[in-house]
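The values are calculated or read from the model by the stated rules, or taken from the named source; none is laboratory data. Please read these numbers as outputs of a predicted model, since none were measured by experiment. We place every Cβ from the backbone using ideal geometry, glycine too, and count neighbours over all the protein chains shown. Accessible surface is based on the protein model in full, side chains and every heavy atom, while ligands, DNA and RNA are left aside. Shrake-Rupley method; radii C 1.70, N 1.55, O 1.52, S 1.80 Å.
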Amino acid sequence: MSTPGKLHLNINILSSGFHGASWRSATGVPDAFISVDHYVRTAKIAERGAFDAVFLADTPSVTDQPGYRPFLALEPTIVLATIAAHTTHIGLIGTASSTFNDPYNLARRFASLDLASHGRVGWNVVTTADGGAAKNFGLDTVVGHADRHERASEFTRVVKALWDSWEDGALIADKSTGRFLDLHRLHAIDHAGKHYRVRGPLNVPASPRQGRPVLIQAGGSGDGRNLAAEHAEAIFSVAHTKEDGIAFAADVRARAARFGRGPDDIVFLPGLATILGATEADAKRREEELWDLLPIDYALSRLAGTLQIDRERLELDQPLPDDIAIPVDGMQTFSKASLDTARRERLTVRQLLRKLGGSTGHRLIVGTPEQIADDIAEWFAAGAADGFNLMPDVLPDGLETFVDHVVPLLRRKGIFREAYEAATLREHFGLARPVNQFSAARAAAAE
């Protein structure tokens, strides 16, 4: 297991980088969105820095004003399988929607990847509030927020049961006796719920090293927090202040307690975007260079899409309109973060766009390695984060600068590992191996 009390770092590979103009920068990779080599190269840099995991987001549609920048295109588990073949320790977290997948196929895909990588895999559960994706799967509109999360909860329970359908010891494979499986330890799950009917068992066993893939969740709405409280072992959250991070973690832990879970069962990882420079002036200059390459129409359209309002309502040098509310069926987490930031700091639309890096609502730091390391250490010491999902402005050089100049400072502060101490993602995060539900039922029946 990882040393208790150490910081966790993931690299969120957002194609060519977090910033909307990353692909146009001098070091940007325009075809990163379809280049597996780019993802492998970035993952190797993160592994050199002893990061916990690679994190891949996903939206199964052409989104994000494609005339202005590349979008997320490659299917995450295929990319992660390739990364697994070129790395040895770093974790592999892939996003897959509970709205647009089948529980059995998803469980099989991630279990296969976990076996192939020797226990380094995590599944990021999302419900997908994208209208384009809905139309790609035969729906006229996005499934309602409450219904998406109700389905997601049942979906995740089914997947977990399928991963547990092979108890430890079910696979015998004894040549001398000719006995292949202990059928008493192989279980049909016989799930019949409101949304899904799945018999099981899964046709592959669980990873002997990890037990089952780590479950990650990335929603901050009330329904999202309930989903995380029931299932998540790590949470990719949005927090712009230490107070927000502390409050979010306390709220989810309180909800988790109602499911019989303990305070150490969940790792909290807010998103953190970075623009690094050797000096503060260098960092600001890099930020300005990126802004000069970003069409303002792109940034405005992106913000309007997040808030689900007409683009014409946004005036660059005026505050956001007072009547904007959090959308009922949209991206509640990012819209709330953007609204809260704008109103708390009394920002104009132009200032808000800069604050968000022309992207969605994660926190952005522009500064030197020392400033960024100090900020991370402050959040960690305050209990506002167990670590961060890192999003450098441009990949791979923004990550390389972080690994070469920020990671040594974090190690000097004594809060980040010097080298890998374990082999599985679960161990990197300091999480216990989960109890197999069928093994637990067997033990209870024997008492």
Inset, instruction - State whether one or more residues within the range 96-119 are of a type in the set (Val, Ile, Thr) and in contact with a strand residue (DSSP E or B) (Cβ under 6 Å, 6 or more places away or on another chain). - result: no
Inset, instruction - Mind counting the residues in the range 178-187 that are without any contact (Cβ under 8 Å) to a residue 24 or more places away in the chain, in contact with a strand residue (DSSP E or B) (Cβ under 9 Å, 6 or more places away or on another chain) and not basic (Lys, Arg)? - result: 4
Legend entry - Yes/no for GLY119 being part of a loop (DSSP other than H, G, I, E, B) and surrounded by 21 or more Cβ atoms within 10 Å (Cβ to Cβ): yes
Legend entry - Test result for ALA85, free of Cβ contacts under 8 Å to residues at least 24 places away in the same chain, over 25 Å from HIS195 (Cα atoms) and either touching a Leu at 6+ places or on another chain (Cβ under 8 Å) or open to solvent by 20 Å² or more (accessible area, probe 1.4 Å) (or both): yes
Inset, instruction - Test each condition in (1) surrounded by fewer than 21 Cβ atoms within 10 Å (Cβ to Cβ); (2) closer than 30 Å to THR82 by Cβ for LEU181 and report the one that comes out false. - result: (2)
Legend entry - Leading residue by the ranking (most open to solvent (accessible area, probe 1.4 Å)) among those in the range 1-25 that are at pLDDT below 95 and aliphatic (A, V, I, L, M): MET1
Inset, instruction - Could you list all residues from the range 393-415 that are of a type in the set (Asp, Glu) and open to solvent by less than 10 Å² (accessible area, probe 1.4 Å)? - result: ASP393
Inset, instruction - Please find, within the range 210-261, the residue that is surrounded by the fewest Cβ atoms within 10 Å (Cβ to Cβ) out of those that are closer than 24 Å to LEU7 by Cβ and of a type in the set (S, T, N, Q). - result: THR241
Legend entry - Matching residues in the range 152-177 - criterion: being in a helix (DSSP H, G or I), buried (at least 20 other Cβ atoms within 10 Å of the Cβ) and free of Cβ contacts under 8 Å to residues at least 60 places away in the same chain: PHE155, VAL158, VAL159, LEU162, TRP163
Inset, instruction - Please indicate, with yes or no, whether at least one residue in the range 282-295 is acidic (Asp, Glu), under 22 Å from the mean Cα position of the chain (by Cα) and surrounded by fewer than 13 Cβ atoms within 10 Å (Cβ to Cβ). - result: no
Legend entry - Close pairs (6 angstrom Cβ cut-off, 6 or more residues apart or separate chains): at negative phi and outside any strand (DSSP E or B) in the range 269-296, crowded, with 16+ Cβ neighbours inside 10 Å and of a type in the set (S, T, N, Q) anywhere: GLU280/THR368
Inset, instruction - Kindly indicate the residue of the range 34-52 that is under 18 Å from LEU9 (Cβ atoms), touching a Leu at 6+ places or on another chain (Cβ under 7 Å) and assigned to a helix (DSSP H, G or I) and also most open to solvent (accessible area, probe 1.4 Å) among those meeting that condition. - result: ILE45
Inset, instruction - Give the residue, chosen from ALA278, ALA239, that is closer than 23 Å to GLY398 by Cβ and either in contact with a helix residue (DSSP H, G or I) (Cβ under 7 Å, 6 or more places away or on another chain) or among the polar types (S, T, N, Q) (or both). - result: ALA239
Legend entry - Residue check, ALA129 outside any loop (DSSP other than H, G, I, E, B) and of a type in the set (Gly, Ala, Ser): no
Legend entry - Failed item, numbered, when PRO201 is tested on (1) touching a residue at least 40 places away in the same chain (Cβ under 8 Å); (2) open to solvent by less than 40 Å² (accessible area, probe 1.4 Å); (3) not in a strand (DSSP E or B): (1)
Inset, instruction - Mind telling me which of the residues THR99, THR77 ends up being farther than 18 Å from TRP163 by Cβ and either in a helix (DSSP H, G or I) or not small (Gly, Ala, Ser) (or both)? - result: THR99
